[in-house]
Structures are given as structure tokens and as C-alpha cells.
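Each remark here refers to the structure printed beneath this line.
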Ligand code: G3H
Ligand code: 13P
Ligand code: ZN
């Protein structure tokens, strides 16, 4: 008996296969924005509708539990109706970010996700292959696409903290992809999760005292592209840690002083290559937090959440439009 309760195709969601094919031939990357609440989802959808961009809306296991799995799948189905009501038909994939086990991936596939990531990057190579292949076998029965990962990114994902990154070994990618049948591959080339991607001593300082991080390992990416021509590569940990928001947070009572991200020029270069999905979470968190801090600090008597969540949502929409147009190159590609 089929254990799947929801067929994502009936809700209007799409998997990532066509999106990635077009992104690779078009020299841009599809944005994958994390969300866990209504205002974030509204901002992501409005920003992508207005820039006419395809979009991957993604949730971690923690975010799915935060929102509630039942409510979340209805939010995603509602997203399609919302887009239609605005006279748009941009393609939307609902993706599990950093799935930690076959069971988590299966639960998402069964409840209407169109794409899942199985993150076996912390396992041994053989174990990573085994769990990834198992997820692919189940997902492909329902035409759900699967993202795997090789190499380890430093930073925080749910409860998993990796202190050090391990770059992806190009000599492993062909074997991994052919043994697992995975549809796309996340690689480690110097990005990391969160708002502190580099320590100040890993960076150089420019004349204005701004910390400049070390460049991404484009040599590794080029080797991978040569081994797997036309194959979809994914970049995690790709927030720029926008200075404007870090400064605003600090100005209104926060303390994020040495936060450093990936420069936009590096991401633009990656998006022109085989990188066809770029994951952004931290920048959205920073934008929302910066505006909420500012509004509450300037309006001490305010206690209507709409008065601070509304402006935070507007700012997030602007950020998303900027990313799509200037960084990922996905604007106009829906
Ligand atoms: O890569 C991780 C994402 O930023 C999700 O973060 O696990 O705190 O929801 P989270
Ligand atoms: P950032 O923390 O750089 O936004 O990365 C997000 C991410 O990779 C989600 O999977
Ligand atoms: Zn990630």
C-alpha cells in the first residue's frame, strides 16, 4: 500500500530537474531560500514574482517542525494559489534542506515535497553512498528529485556543528553520482553556514577596515565541472552577510561585529558556472532581525506584531529581488 499522502504534482509544485537544466544552459543559479513562517514565505514569493524568477522554497527539519509539518505542506500548496492570484506562474519547488536520514526524507516525500536533500556528508563515504542511494530509490518512484552532498561545510545546521570544512574531492564525485543516482550535488569549496563564515584572522582588511574573506576554491569547482559536464552543482552557505544589516543590528542593540560572508562577486561567478542552486538563509534572517530591532527601538510603545513584521517582510522582499537580479541572475528566467 502506498504510504504517500500527498502527490506534489497535484498541488502545482515542480521538482528541480527542468529548473536546473535551464539554469545550467542559461548561466544563472536558481535561488533556494529557507523559510519557517508566513512573512518569510510572502516575501520570498513576492520577490520572485516581481522579478519573474523560478524559486526553491526550502525548509530544514527544524524549520518544518517549528512551522508544523501539516501546516507547512498547506502553506506550500497555498503558495501556488497565491502566485496564481497575482497573475504569475513562476515555477516553485518545495525542498527539504539537510535531510538527516532516510526516514526524514521519506516523511517529506510522503507529505508533498517535490525535492529533498539527503545530507550524508558527515558519514563515511560508503555510508553516505548507501543512505543517498536509498533515498534516491524511494524519491524517484514519485519523480521527486534528490540532492546529495560530498565534502563538509563548516558551521551550524540544526544540531550538527562542523568546526572545520573539508573540501570536496573531485576524484570522488563521478563514483558518488553514478552509484547513488542523485540528481544534484552540494559541494564544499570554501563557503560555510551562518553569519560567521570566517574568523578575522582568515581575512585581510581593506583601507576602510572591511574584512575581505579568502576566495572560494574555483579550481575545485572547475575540476568537478570537467568530470561531470552539465551536471547540477549546489552551493550551500552562500549568504553574503550583508553589511547594512549587520550594522543596523549592532546600532539597535545587537552584537554581531565580526560577521563575514561570501562576497556577491564570488557568488555571481559561481552562478555562471555549473552551480545552479544557491542556498540563502542567514541573509534573510539578518534583514528581518535588523528591521525588527530598528522599528521596536524607535517605537518603544509598539506591540502590534504587524507593525514590525510588516516592514521586516518588505525589506526581505527587497533583498530577494536584489539577489535574483544582481547575484544569481535568475530574474526574468521563470
Ligand atoms: O543550512 C542550514 C539552514 O540555514 C537551516 O538552518 O537548521 O537552523 O533551520 P536551521
Ligand atoms: P547561509 O547560512 O549562508 O545562508 O546558508 C544557508 C544554507 O546553506 C541552507 O542550507
Ligand atoms: Zn546548507
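No lab work stands behind these numbers, since they all come straight from the coordinates. Predicted model only: the values in this text are computed from it and were never measured. Every residue, glycine as well, gets a Cβ built from its backbone with ideal geometry; the counts of neighbours run over all protein chains shown.
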Fill in the blank from the handout: Listing 100, 175, 201 by rising number of other beta-carbon atoms within 10 angstrom, fewest first, gives 201, 175, 100
Practice task
Could you tell me which of rounded, prolate or oblate describes region 178-233, using a ≥ b ≥ c as the square roots of the eigenvalues of the alpha-carbon gyration tensor, with rounded for a/c under 1.5 and, failing that, prolate when a/b is larger than b/c and oblate otherwise?
Solution key: prolate
Handout entry: Efficiency of FRET from Cβ geometry, residue 52 and residue 207, R₀ 41 Å, rounded to 0.05
Key = 0.60
Handout entry: Candidates 247, 314, 52: whichever shows maximal mean-square fluctuation once the chain is modelled as a Gaussian network with Cα springs under 10 Å
Key = 247
Handout entry: Theoretical gain in end-to-end length, residue 18 to residue 140 [0.36 nm per residue, Cα-Cα removed]
Key = 42.4 nm
Practice task
Could you tell me what percent of the DSSP beta bridges with both partners in the chain are antiparallel, to the nearest 5?
Solution key: 15 percent
Problem - Nitroxide proxy distance, nm - points 7 Å out along Cα→Cβ at residue 326 and residue 3 - result: 4.7 nm
Fill in the blank from the handout: Heads up, the chain by the C-alpha gyration tensor (a ≥ b ≥ c square roots of eigenvalues; a/c under 1.5 rounded, else a/b over b/c prolate, else oblate) looks oblate
Exercise for the section: Sort 117, 321 so the one with the fewest other Cβ atoms within 10 Å of its own Cβ comes first. Expected result: 321, 117
Exercise for the section: Label region 1-43 by shape, choosing from rounded, prolate and oblate, from the square roots a ≥ b ≥ c of the eigenvalues of the Cα gyration tensor; if a/c is under 1.5 it is rounded, and otherwise prolate applies when a/b is larger than b/c, oblate when it is not. Expected result: oblate
Exercise for the section: Subtracting the Cα-Cα distance from 0.36 nm times the residue separation, let me have the gained length for residue 314 to residue 174 in nm, one decimal. Expected result: 46.1 nm
Exercise for the section: Determine, for 205, 315, 225, the number of other Cβ atoms within 10 Å of each Cβ, and report the residues in order from fewest to most. Expected result: 205, 225, 315
